[in-house]
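To keep things clear, I will list the structure first and then write my remarks on it.
The values are calculated or read from the model by the stated rules, or taken from the named source; none is laboratory data. Just so we're clear, the structure is a prediction, and the values are computed from it rather than from any experiment. Every residue, glycine as well, gets a Cβ built from its backbone with ideal geometry; the counts of neighbours run over all protein chains shown.
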Amino acid sequence: MKTHNTTETTPHIKNETAAPTTQPVDTTSTPPTPVPALSTTPPAPTPNISTIRPGISDAMLQRAGICHIDAKTAFDRTGQPYSGLWIPYNNLDGTDMVHAGKPFGRIRMDVPNEKQKYHQEYGSPVRAYLPPGLADFSKGTPLYLIEGEFKALALVEAGFCAIGLGGIYGYGRQKSTVLLEEIKAVLGHLAPEQVHFVGDSDMCTNYQYSDAAIKLHKLINN
């Protein structure tokens, strides 16, 4: 095997054995600006679910199983490609509510379809939303029926016993003549001393709120 003489010099390679050449020091030039130290401040946190639903902690949203789903997942679960926040519905004991063999839930759509902000599978029944921890309240605790799942979650986290309704008449079926089974289950389990029906900010000017309140009062007292 051919070997190379290590003492052979090459024009392109500096001879490390040569005496170093002393370079003159320029005392008139401005010294280089020191490089600033890297910042130790951590980067801003990535926006999370709590920034989308203010008033509810991340822990509560995670406990409720709320997460963002894409259009494909939304189609698989509801038959429509509406991406958004998936809101799973559970029974009082924490088990899944089921429709057509699949866990039931609703989507808070990323992009509303005109006035429609929420979507559930076509043909699925009206359901009441029971936030996690509802069964832990003491018997006799006043119960609040309020429009919207997220409002109900915020109330429960704040210490109020609340059920979320999908609309002002969302407490019953068959034109509000039959009280939902999940509401009956909560009434039977907690036996609340009072039931408060809480509408949206327009309840004082919306005549349907008064109509819905009268029908709900009859259903609960019958």
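Reported count of residues in region 94-104, each being more than 16 Å from LEU180 (Cβ to Cβ) and part of a strand (DSSP E or B), is 3. Looking only at region 197-213, which residues are loosely packed, with under 12 Cβ neighbours inside 10 Å and of a type in the set (A, V, I, L, M, F, W, C)? CYS204, the sole residue that qualifies. Among residues of region 168-187 that are under 21 Å from GLY94 (Cβ atoms), those with a Cβ under 8 angstrom from a residue that is in a helix (DSSP H, G or I), sequence gap 6+ or separate chain, pair up as VAL186/LEU134; LEU187/ILE220. Counting only residues that are within 18 Å of VAL126 (Cβ to Cβ) and aliphatic (A, V, I, L, M), region 62-103 holds 5 of them.
Are any residues in region 124-177 modelled with pLDDT under 95 and assigned to a strand (DSSP E or B), and if so, which ones? Result: GLU147, ARG173. Restricting region 119-147 to residues that are touching a helix residue (DSSP H, G or I) at 6+ places or on another chain (Cβ under 9 Å) and on the phi > 0 side of the Ramachandran plot, the residue that is surrounded by the most Cβ atoms within 10 Å (Cβ to Cβ) is GLY133. If you go through region 111-140 and keep only what is of a type in the set (Ser, Thr, Tyr) and closer than 21 Å to VAL98 by Cβ, you end up with TYR118, TYR122, SER124, TYR129.
Scanning region 67-111 for residues that are under 17 Å from the mean Cα position of the chain (by Cα) and touching a residue at least 60 places away in the same chain (Cβ under 8 Å) gives ILE87, ARG106.
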